[in-house]
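The values are calculated or read from the model by the stated rules, or taken from the named source; none is laboratory data. All of these numbers come straight from a predicted model, not from anything done at the bench. Ideal geometry is used to build each Cβ from the backbone, glycine not excepted, and the neighbour counts take in all protein chains shown. Side chains are part of the model used for accessible areas, which takes the heavy atoms of the whole protein and leaves out ligands, DNA and RNA. Shrake-Rupley method; radii C 1.70, N 1.55, O 1.52, S 1.80 Å.
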Amino acid sequence: MQLEPRVQLQIRVFFFFLRFLSPITSVLFGRSFPIGERNIMAMEVTQVLLNAQSIDGAVRKNAEESLKQFQEQNLPVFLVSLSGELANEEKPVETRKLAGLVLKNALDAKEQHRKFELVQRWLSLDSNAKSQIKACLLKTLTSPVSDARSTASQVIAKVAGIELPHKQWPELIGSLLSNIHQLPAHAKQATLETLGYLCEEVSPDVVDQDQVNKILTAVVQGMSSSEGNIDVRLAATTALYNALGFAQANFSNDMERDYIMRVVCEATLSPEVRIRQAAFECLVSISSTYYEKLAPYIQDIFNITAKAVKEDEEPVALQAIEFWSSICDEEIDILEEYGGDFAGDSDIPCFYFIKQALPALVPMLLETLLKQEEDQDQDEGAWNIAMAGGTCLGLVARTVGDDIVPLVVPFIEENISKPDWRQREGATYAFGSILEGPSPEKLIPLVNVALTFMLSALTKDPSSHVKDTTAWTLGRIFEFLHGSVVDSPIISQANCQQIVTVLLQSMKDTPNVAEKACGALYFLAQGYEEMGPSSPLTPFFQEIVQSLLTVTHREDAVESRLRTAAYETLNEVVRCSTDETAPLVLQLVPVIMMELHNTLEGQKLSSDEREKQGELQGLLCGCLQVIIQKLGSSETTKYVFMQYADQIMGLFLRVFACRSATVHEEAMLAIGALAYATGADFAKYMPEFYRYLEMGLQNFEEYQVCAVTVGVVGDISRALEEKIVPYCDGIMTQLLKNLSSNQLHRSVKPPIFSCFGDIALAVGEYFEKYLMWAMSALQSAAELSTHIAGDDELVEYTNSLRNGILEAYSGIFQGFKNSPKTQLLIPYAPHILQFLDGIYMEKDMDDVVMKTAIGVLGDLADTLGSHAGSMIQQSVSSKDFLNECLSSEDLVIKESAEWAKLAIGRAISV
Amino acid sequence: MAPHDLRRPFKRAAISDQQKRRDLSLLRQAQNRRDSQQQARCLASSILSLQSSAPESEPEQSDIEIETEHESEDLSKDLDVRRASKLRGPEVRKWFARQLMLPEWMIDVPDRLSQDWYVLARPAGKRCFVVSSNGTTVSRQRNGSILHYFPSALPAGAKTRDGSGSAQSYCILDCIFHESDQTYYVIDMVCWNGYSLYDCTAEFRFYWLNSKLEESGACNVPSHYHKFRFSAVPVYNCDQSGLYAAYSGTVPYVKDGLLFYNKHAHYQSGNTPLVLVWKDENCSQYVIDTDGKGEIPSQQQVVLELQDDRKLVTSDDPPVLFCCLDGDIIEKSGLQSGNLLRFAIGDGGLSFVDGKLENADLIYLGKSNRARAFADSYSKVIFQFMVRHSPLKIDDLLASINSPDDQEKIPSDIEMVG
C-alpha cells in the first residue's frame, strides 16, 4: 500500500479545505457553469488539478482558490466533473487520483459537525448528478490504472456509508457482485477492495443478512487457494478483515464457520508474505470478536502461530504473537469480570486457552526474547519480535498468575549470567515481565534473591541494553511488590540506602537507562506514600531532589523522554513526602520558579524552539502544581508558602502570554491549585487572569484545556465566593455557549453543569440572573439523560452527565437557601422530582449518581421547605428511593440519605 | 483499510504523570465541591457557628453578669449564622441563654395527652446545652455560663488522630448534668453532626436522638478522648402505662419531676406550652421552691422583672403583668427598668377571674441573685402556688387519660352516598 504520497496529498487537500470555511468574494472564473458546458469545465478541471499539485506555491494557491470557487458556484457540476475526471482513461493518473480525493473529501470530514453537514449536503444533492457520479465511480473499478481503481473504491465506500443507512443505493452490492466471476483479475481485485472499504464504512445493521452472505461468499472464495491471482487473494483477505464484523450469523453456523476458519488458516500458509500477514491479521481480529467460537481451532492455530513465530518474516511473526496477546486480553477481561461483582453473570465463559497452551506457549515466547535488535532502546518507534514476545509474556503472567513462575525461572537462571548480553537481557526481561500477575508470596522469595544481583548489574553490566532492562525490572519490583499492599517488605533500612545510591548513580548513565532509573525511583517513592509521619526516604530527600534536578539539566535529556521522566519522578517524590521534609519542599519553590522564569527569557523563537519552551513550561508548571497542592494541604506549610503566591501567579500569567491563541493547560491546572490554596485573596489576580480563563473556555479544539479550565472556574468560585460576581456574566455566557456547541467534545459537558452548581453556591441569589438559562439547559439535558440505550461507554457517559446535572441542582438550591428569592425555584421542582423518578426507575445509575441524586432530594426539601414537602410526598418514587439509599451499604450514600431524610422530615412537618 | 497498529506499550508505565496530575486535580475539585455543599447543607438559619466560644476568652463563672438591655432581645431573635458567628464573650453567653427550650409548668392537663404527648422522667441536675465543635465539647448552663470544657465522643467533640468530621461539623444537645454519676442525660437533640433539628418535630428529634447518640459512642464509659458519659433518657408515649412507667419506673438517676413533650412541636427557644413540667413529692425532691439556704420559705417567693412603666412582669412572651411598683420604692432602692426583683406572696395570695390572674399580694424583698437570667414564668408561679394550696396529682393525670374526652377519636370523614 503506497501510504506516503496518499497521506501527503490528503494533508494538502485537507489544508485547502480548511480555507473553504472563510468565504472569499473575488471571482476567478468570470462566468457561471451550466451543465451543458461540462466538457469545457472538465478540461479546466484537469489543468486546475495539475496546478493544485504544482511545486510553485503561488500556482498551487491559485488552483486551490479556483476549485473552491467552482465548488461554491455549482456543487453538482463540480462533483460530476470530478467523477468524470476520475473515470476518464485519457487523463493523467495524478489528476484522476486527486479528483477522487477531492470528491472523497466532499463526502466526509474528521470533525463530527463538518461530517454531518457534508452528509446532509450529499443527501440533498440533485439525484441526476448523484447517478452520474455513481456510474462514473463504478466504471472506474474496471480501469486498468490501479490508482484510479483504488481511489474509486474508497469513494464508493464513502457514498455507501452515507446512502445505505438511508436505504438508498440498494442495488450497489448486487451490482458489485453480479458478474464478479467473469471479471478480469484487476477488476475483481478492485471489487473485493471496494467490499472491504464498504464493510469498514458501513455499520453491519444496515446490510441485510442476504447481502452479507453474498459478500462473505465472494470474499472467502477470493481468498481460497484456488484463486490463482495473488492481488485478488490479497484484496480478498484484507476485505475479510473488515467484513468479520458482519459475520455474526455465519460464525454461529458450524459449517460456515469451519469453512471460513479453514480458508483463513490456509491463507496463513500462502507463499506470498503479504497474504500470510493479512491472514494473521484476520486471526487476531477473530480472536477478540469470536473468542467463544475458537475452541475447536485453537490447537491448529497454536501450531500455525508457533511455526510463524519461529520461522516466518517479522511482520508475520509479530501478528502471530499478537494473536496470543489478544487472547490474553480477552481472558484477563473475562476473569476480571468473574472476580468482580457480576460473578457468574458474564456472557462469555473463559475457555482457559492460555492456561492450556502454557507449557508450549511460554518456551515459544522465551525464545523470542533472545532476538533483540542492537539499538532498540534508543529508537522510540521500535517494535520487534523480542519486544512483542516479552509483552505477550507479561500478559500471559497476568492471565495465569502463579503457574507461569516455574516455567520462567529456569530460563532466568540459565541465562542471567551468560557472557552474551542477549541472554542476560532476555533473562532480565523475562523476570521483569512476570512481576505482575503471580502472587507476592510466589514472587517475593525470588525478588529477595534477585535484588542484590539487579542492583549490581545496574552499575556494573557492560551492556547498556542490560542496564536499561534491569532498571525497568527494578521499577516493576517496586511498583508491584513494594508498599503497604505487601505484608513482608522487600526493602529494609539496610538495603534502602543501597537502592537509592544505585538509582541516583544510574541517572548519570545513558538517557534511556537514566529514564528507567527515574521510573524505578518513582515507584520506590510511591510505595512509601501511606507510611505515616516518617518515611524511610527522608534521609535521602535532599540528595534525590538534587539528583533529579541535575538530570533535568542534562543536555541529552531534552531530546529523549528523560527530562519528562525526571520531573515526573520529582513530582511523585514531593507527593509522597511527609511533614518531616516539608521545609525542603518549601525550598524547592524558588528553585522551580527560577527555572520557569528562565524559560520566559528567550526572544524570537522558531516554532520548534517555541514547542520546546512550551513543553518545559508544562513540566515546570506541573511540578509547581504538585508542590502547591502538597504545601496547601496543611495550614502551617500553606502559610509559609503564601509568601510566593504573587510571584508564582506572575510567572503563570507570563507563561500564558507566551502564546497568542491558546492557553497552557499545565499552567491552568496549577492556577486551580493556587486558587484553592489562596482562597478569597485570589480576587486580586482576577483582573489580569480573566482573559486567559475565557480563552481556555473557548478552546474547543484542545478539549482537555477546556475541561481543565472548567474545573478551574469551580476552584475559583469556591475560593472567591461572592467576589466572583463581576466575572460571572462572561463565564456563564461562555459556559452556556459551550453547552450548545456540537464542536465541543462531549466529555466536557458534564463538568460544565457541575460548574453551574459551583458558581450558584458561590454567588447565592445573585445567580437569579442566569437561573432561567441554566435551568432550561439542565432541563433538556436531564430529559436526554433519563433513558440510556447503548453500550457501557454510553451508560458511563450518561451517568457522568446525570451527576453533573444533579450537582448543578444541588449548588443552585443550596445557593438560594435562606434567601427571599427561594420561591423562584418552586416552578422547577416538579421537573427535578420527575427527573429523579426517571433515573430511579431506570435502575442503571451508578453509586456516584445515587449519592448526588438523594442529596438533591434533600436540598430541594431543605431550601423549599413546606413547598417541597407535599410534592415529595406525592412523587412516584421518592420514598422508595430514600429507603433504598438508607439501607445502602455504601456509607457515603447512606450519609447523604440520612441528611435527605432529615431535610424531608423537616419539610413535611412544617 | 490501514492495518491496525499492533505496537503495545513497552517498558513504560501505563499512566502518564500528566494524566495523574489531571486526575488528582479532578479528585481534589470533587472533594472541595463535596465539602462546600456539605457546608451549605449544614448552615441552618438558626444555628450558630461556634468558632467564637474559645475558652481563653471566657471569664470565670462568678463574673457573669447578664445584662438585660433591650438590644439583647434583638440578638436572640432572627440571628443568622453569619452575624452570630461574629459574637464574642458575653454576647455568646447571652445568645445561648436564650436558645434553650424552657418548659412551662403544668397547671392544667392538656387535651389528647395520650395521643399527642410523650412523657419522660426528668433527671435532677444542671440543665445545659452541650456543644461539640472543632474538636472540643463545651457545656453551658441556662444562664450561658460554662459548666465543662472537655473532649467527647460526640461528632467533632474531640481532637482525635483520625480527624473524623469536617470543621463544619458540630452538635448541640439539650442535657441535664447529673452530678452523682457524672453523666450528661440528653433530653433533646438540637443539632447533630452539622444538621439542624430545630425545625423538626419532637417525634423526629427523639427518633434521631435514640439512633444517633448510641452510634456515636457517646454513651460509652469515659476515656481519654471522652471525659463524660452521655445517656439518653427513656421516652414513653403518654398513655397510662407510659405515664406510670415514667412516674414510678426505676432509672439510674435521681428524678426531678416529669417532662411532657408535644410530639408535633419543633424545638423552640424560650418558654413554650408544648413542653410541660410536672412534679410531686414522689418523683422530685424539689417540689416546692427553696431559698438560697436550701430551706422552704414560709411564703412563696417569686422573681419578676421591672419594666419601664413600673410594671412587674413574668418572663413569658408576651409578659404577664402582676402589678405595678410604687415609684417610691423604685427611687429609694435605686431600681432600674430591667432589674429582676424578688417578692414574697402575702396572705392575700393570688386571685383569679375566669382563669386569669386578677390580683396578687406581693411583698418586696429585694433584688434577685445576680446569676439569675430571667424572671419567673407565669406557669411556674401558678404551679408553685397550686402546690402549696391544691396540687395537681398523678391520679388526676392518669384519670384524664382515661376520661372519655381524651379517648375520643377524631371523627372519620363521612363518605357521601347521596
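Inspection of region B:317-331 identifies no residue that is over 16 Å from B:Phe374 (Cβ atoms), surrounded by fewer than 17 Cβ atoms within 10 Å (Cβ to Cβ) and in contact (Cβ under 8 Å) with a residue 60 or more places away in the chain. The one condition from (1) within 17 Å of A:Thr391 (Cα to Cα); (2) acidic (Asp, Glu); (3) away from every other protein chain (no Cβ under 12 Å) that A:Glu266 does not meet is (1).
If you filter region A:315-333 down to residues that are open to solvent by 10 Å² or more (accessible area, probe 1.4 Å) and of a type in the set (A, V, I, L, M, F, W, C), you find that the one that is nearest to the other protein chains (Cβ to nearest Cβ) is A:Leu318.
Which of the residues belonging to region A:94-114 are assigned to a helix (DSSP H, G or I) and loosely packed, with under 14 Cβ neighbours inside 10 Å? Within region A:94-114, A:Gln112, A:His113 meet the criteria. Just to be sure before I move on: is A:Leu137 in a helix (DSSP H, G or I), touching a residue at least 40 places away in the same chain (Cβ under 8 Å) and farther than 24 Å from A:Ser288 by Cβ in the structure I sent? Yes.
Remark: A:Leu620 matches the filter, which requires a residue to be assigned to a helix (DSSP H, G or I), open to solvent by less than 20 Å² (accessible area, probe 1.4 Å), closer than 11 Å to A:Leu596 by Cβ and within 13 Å of chain B (Cβ to nearest Cβ).
Residues in region A:713-765 that are within 12 Å of another protein chain (Cβ to nearest Cβ), closer than 24 Å to A:Lys821 by Cα and of a type in the set (S, T, N, Q) were compared, and the one that is farthest from the chain's Cα centre (by Cα) is A:Ser717.
Listed here are the residues, each with its yes/no results for (1) in a helix (DSSP H, G or I); (2) over 15 Å from A:Val551 (Cβ atoms).
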| position | (1), (2) |
| --- | --- |
| A:Phe480 | yes, yes |
| A:Val486 | no, yes |
| A:Val500 | yes, no |
| A:Gln505 | yes, no |
| A:Asp509 | no, no |
| A:Ala520 | yes, no |
| A:Leu524 | yes, yes |
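When A:Glu884, A:Glu895 are checked against the criterion of being open to solvent by 20 Å² or more (accessible area, probe 1.4 Å), within 12 Å of chain B (Cβ to nearest Cβ) and part of a helix (DSSP H, G or I), a single residue qualifies: A:Glu895. Within region A:293-310, residues that are within 18 Å of A:Glu256 (Cβ to Cβ) reach partners that are assigned to a helix (DSSP H, G or I) with beta carbons closer than 6 Å, at six or more positions or on different chains, in the pairs A:Lys293/A:Phe251; A:Tyr297/A:Met261. For B:Ile296, the conditions (1) among the β-branched types (Val, Ile, Thr); (2) farther than 21 Å from B:Thr183 by Cβ; (3) touching a residue at least 12 places away in the same chain (Cβ under 8 Å) are fulfilled apart from (3). Of everything in region A:479-512 that's farther than 19 Å from A:Pro440 by Cα and within 28 Å of the chain's Cα centre (by Cα), which residue is surrounded by the most Cβ atoms within 10 Å (Cβ to Cβ)? Ranking the qualifying residues of region A:479-512, first place goes to A:Asn512.
Checking each residue of region A:428-438 against the condition of being of a type outside the set (A, V, I, L, M), more than 14 Å from every other protein chain (Cβ to nearest Cβ) and either closer than 30 Å to A:Pro315 by Cβ or surrounded by 16 or more Cβ atoms within 10 Å (Cβ to Cβ) (or both) gives at least one match. Applying the condition of being of a type in the set (Phe, Trp, Tyr) and more than 14 Å from chain B (Cβ to nearest Cβ) to region A:789-847 and asking which residue is nearest to B:Arg41 (Cα to Cα) yields A:Tyr828. Considering only residues in region A:554-565 that are away from chain B (no Cβ under 11 Å) and within 25 Å of the chain's Cα centre (by Cα), the one that is farthest from A:Ile544 (Cα to Cα) turns out to be A:Glu559.
Contact annotation: residue pairs with Cβ atoms under 7 Å, 6 or more positions apart or on different chains, pairing a residue in region A:679-697 that is closer than 24 Å to A:Tyr639 by Cα with a partner that is assigned to a helix (DSSP H, G or I) and aromatic (Phe, Trp, Tyr), are A:Met686/A:Tyr727. Of all residues in region B:262-301, those being open to solvent by less than 60 Å² (accessible area, probe 1.4 Å), within 14 Å of chain A (Cβ to nearest Cβ) and not basic (Lys, Arg) number 4.
Sub-7 Å Cβ pairs linking a first residue in region B:217-228 that is closer than 9 Å to B:Pro151 by Cβ to a second residue that is open to solvent by less than 30 Å² (accessible area, probe 1.4 Å) and in a loop (DSSP other than H, G, I, E, B), at least 6 apart or interchain, are B:Tyr225/B:Ala158; B:His226/B:Ser152; B:His226/B:Ala158; B:Lys227/B:Ser152, ordered by first then second residue.
Evaluating A:Glu37 against the criteria (1) at pLDDT below 85; (2) farther than 22 Å from A:Val155 by Cα; (3) buried (at least 18 other Cβ atoms within 10 Å of the Cβ) leaves one unmet condition, (3). Report the residue count in region A:553-598 for those that are free of Cβ contacts under 8 Å to residues at least 40 places away in the same chain and either outside any helix (DSSP H, G or I) or open to solvent by less than 20 Å² (accessible area, probe 1.4 Å) (or both). Residues in region A:553-598 being free of Cβ contacts under 8 Å to residues at least 40 places away in the same chain and either outside any helix (DSSP H, G or I) or open to solvent by less than 20 Å² (accessible area, probe 1.4 Å) (or both): 2 in total. Total residues in region A:279-294 satisfying the condition of being in contact with a Lys or Arg (Cβ under 9 Å, 6 or more places away or on another chain) and open to solvent by less than 50 Å² (accessible area, probe 1.4 Å): the figure is 2.
Within region B:296-317, the residues that satisfy the criterion of being at pLDDT 80 or above and assigned to a loop (DSSP other than H, G, I, E, B) are B:Ile296, B:Pro297, B:Ser298, B:Gln299, B:Gln300, B:Gln307, B:Asp308, B:Asp309, B:Arg310, B:Thr314, B:Ser315, B:Asp316. Residue count for region A:172-193, restricted to those that are without any contact (Cβ under 8 Å) to a residue 40 or more places away in the chain and farther than 19 Å from A:Ala243 by Cα: 3.
Taking the listed residues A:Thr469, A:Thr473, A:Thr399, the one that is under 26 Å from the mean Cα position of the chain (by Cα) and surrounded by 23 or more Cβ atoms within 10 Å (Cβ to Cβ) is A:Thr399, with no other qualifying. Note on region A:448-466: among residues that are surrounded by fewer than 17 Cβ atoms within 10 Å (Cβ to Cβ) and among the β-branched types (Val, Ile, Thr), the one that is nearest to the other protein chains (Cβ to nearest Cβ) is A:Thr459. Checking A:Ala774, A:Ala781 one by one, the residue that is over 30 Å from the mean Cα position of the chain (by Cα), of a type outside the set (Asp, Glu) and crowded, with 16+ Cβ neighbours inside 10 Å is A:Ala774 and no other.
Scanning region A:176-200 for residues that are of a type outside the set (A, V, I, L, M) and over 20 Å from A:Asp147 (Cβ atoms), we see that the one that is modelled with the lowest pLDDT is A:Asn179.
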